[in-house]
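Below: one structure, written as structure tokens.
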Amino acid sequence: MPTLMIQGTTSDAGKSTVVAGLCRVLARRGVSVAPFKPQNMALNSAVTVDGGEIGRSTALQALAAGVEPHSDMNPVLLKPESDRGAQVILRGRVHGHLDALDYHAYKRTARESVLAAWQALSARYDVIVAEGAGSPAEINLRANDIANMGFAEMVDCPVVLVGDIDRGGVFAQLVGTLELLSESERSRTRGFIVNRFRGDISLLEPGLDWLTERTGKPVFGTLPYLQGLLLDAEDSIGRIGRVGPGATLKVVVPALPRISNHNDFDPLRLHPQVDLSFVGPHQVGPGRAIPPADLIILPGSKSTRSDLAWLRAQGWEEAIQRHLRYGGRVLGICGGLQMLGRAVHDPDGLEGPAGSTPGLGLLEFETRMVAGKQLRNVSGRLLREGVPIAGYEIHNGVSEGPALARPLLELQGRPDGAESADGQVMGTYLHGLFDRPEACVALLARCGLEAQGSAVDYQAHRQQELDRLADCLEANLDMAAIERLLEC
Ligand SMILES: NC(=O)CC[C@H](N)C(=O)O
């Protein structure tokens, strides 16, 4: 089965973007193509058609390929819950926690899952564009690798290596990575892509010629730095966003250590009237208050109780109360909603040590973490305005209490979330709630924003960005040579 794997010399070299771009280029040429990421470590995930969970960047690549995201596209997803522990998702379903699993047995199962998922995808699509993780030159992680060369060797596919010239040292990155590979890994590496180039290409060309001479491998192309490209981030909170002169609504999101699905905020990054900032202690200084805002959004969290403790340790519980006293709004999404209640109970220790943590007490309800993750794509409406809203749910928590009798939304015919009687505090389990322009406008209007023109249609924006990316790949990569790699 034709599979091409894109690996990078570092994390964030642009692998996900190149895979998304290649998926879109191939799909536009009528090829039946699917993305594949054997192993990902990320807290941004998406719900798949088969009711599972995969990394968000892979789901975006599926969108680029014009196919439905499926659990087989990212068979191993590691969701860190602390600096040491991570939840292991295999083929979309929770398998256990890394620290509680026998490592060797887990490695074997993970490898089997990767192979089975790749075989299942191969039966459904003509071409697979796979993405590595981090760099293949992490020699300490080489044994039993499934994320990079271990996968490429297992399925015997060619590899293209992406280096990021923007951070400097791209020749050392590419040559050094090749140097650290085994003979067979080196020979399956068919060439390079230089990513994020700004400047005069003629100044780079002698370096590219040298690279080919030195390694015997072609450079398939140099991709320019694509200004403002905003596609669903894999995990880290990117800095892209624009704060123009018309940005009158100030929205602050605490950058929780286990923030999850922060893609929720991408439509706000693009909104011309919104000034969005993620704040952590580094931005405001330890012990300092959250900057003044119209709206504070408590985001999703992989570990609600420990992130709540972190929020308190920053002194931000008082800051939120003060913000409310001055008439500000607070919105909680999923883990953030759970924080707004009276307590969060985790009797079985699903997200960390077993126990209970008092919530911020801004809404009358309590949450219990229950085994069996709730994963679903949902749609419904924002109750007060009646406007349509859609997104997805990913959580273990089940919330109960009188505040839920005043729901924020109706989803699939059932009530969801809550809002306080004065409307200042709102919460929902729905991720992706700003993606639809009408819902985005209505939610921001509640915070005092008078819409000028319509909000960004984020779904349409994603499609346009994928086309812009694909145009860029077609213009700058030797696509004929890349397609030849897929024919072998
Ligand atoms: N997506 C989330 O924010 C999840 C919240 C919480 N960790 C739960 O599982 O219930």
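Table for the structure above
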{"read-out": "Three-way shape call for region 335-488 based on the alpha-carbon gyration tensor, with the a/c threshold at 1.5", "value": "oblate"}
{"read-out": "Region 55-170: radius of gyration over Cα atoms, expressed as a fraction of 2.2 N^0.38 Å", "value": "1.12"}
{"read-out": "Potential lengthening between Ala172 and Tyr326 on full extension [0.36 nm per residue; Cα-Cα distance subtracted]", "value": "50.0 nm"}
{"read-out": "Residues whose placed amide H lies under 5 Å from that of Gly52, excluding near-sequence neighbours", "value": "Ser71"}
{"read-out": "Integer Hz, Karplus 6.51/-1.76/1.60 couplings in order for region 93-104, x for Gly and Pro", "value": "10, 5, 9, x, 10, 3, 6, 9, 9, 6, 4, 5"}
{"read-out": "Gap separating the Cα centres of region 130-152 and region 1-73, nearest whole Å", "value": "17"}
{"read-out": "Rounded Å value of the spacing that divides the Cα centres of region 294-350 and region 86-111", "value": "30"}
{"read-out": "Segment Ser182-Trp210, length gained on full extension (0.36 nm per residue, minus Cα span)", "value": "7.9 nm"}
{"read-out": "In Hz, Karplus ³J(HN,Hα) per residue of region 212-218 (6.51, -1.76, 1.60; θ = phi - 60°; x = Gly, Pro)", "value": "5, 5, 5, 9, x, 10, x"}
{"read-out": "In degrees, nearest ten, helix 15-28 long axis to first principal axis of the chain (Cα)", "value": "80"}
{"read-out": "Label point at Glu385 placed 7 Å out along Cα→Cβ; residues across region 454-480 whose backbone nitrogen lies under 16 Å", "value": "454-459"}
{"read-out": "Added length on full extension, which subtracts the Cα-Cα distance from 0.36 nm per residue, Val370 to Ala475", "value": "32.8 nm"}
{"read-out": "Global form of region 244-369, assessed from the alpha-carbon gyration tensor, a/c cut-off 1.5", "value": "prolate"}
{"read-out": "Gap separating the Cα centres of region 456-488 and region 198-233, nearest whole Å", "value": "16"}
{"read-out": "Listed residues Leu270, Gly51, Gly401: farthest to the positive end of the dipole of the chain (Cβ charges)", "value": "Gly401"}
{"read-out": "Antiparallel bridge percentage (DSSP; both residues within the chain; nearest 5)", "value": "50"}
{"read-out": "Stokes-Einstein D in µm²/s, Kirkwood radius over Cα pairs - the chain at 20 °C with 1.002 mPa s viscosity", "value": "91"}
{"read-out": "Dipole magnitude (debye, nearest 20) for region 366-472, charges at Cβ of Lys, Arg, Asp, Glu", "value": "300"}
{"read-out": "Lys/Arg +1, Asp/Glu -1 at C-beta; region 305-415 dipole; positive extreme among Leu340, Gly355, Gln374", "value": "Leu340"}
{"read-out": "Signed unit charges on C-beta, dipole axis of region 1-116, positive-most listed residue Leu98, Leu60, Gln39", "value": "Leu60"}
{"read-out": "Glu153-Arg93 FRET efficiency (beta carbon distance; Förster radius 35 Å; 0.05 resolution)", "value": "0.85"}
{"read-out": "Separation in nanometres of the label points that stand 7 Å from Cα toward Cβ, at Ala309 and Ser356", "value": "1.7"}
{"read-out": "Assigned charges on the beta-carbon of Lys, Arg, Asp, Glu; the chain dipole about Cα centre (debye)", "value": "480"}
{"read-out": "Size of charge dipole - region 1-114 - debye, nearest 20, with Cβ of Lys, Arg +1 and Asp, Glu -1, no other charges", "value": "380"}
{"read-out": "Rg/Rh (Cα only; Kirkwood hydrodynamic radius) as it applies to region 361-424", "value": "0.98"}
{"read-out": "Percent RCO, i.e. relative contact order, over the chain, from Cα pairs under 8 Å lying at least 6 residues apart", "value": "14"}
{"read-out": "Cβ-derived FRET efficiency at R0 30 Å, Tyr103 paired with Asp83, nearest 0.05", "value": "0.95"}
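Read-outs: derived from the displayed coordinates by stated rules, not from any lab. Bear in mind the structure is a predicted one, so any value in this text is a computation, not a measurement. Positions of Cβ are backbone-derived with ideal geometry, glycine not excepted, and every protein chain shown enters the neighbour counts.
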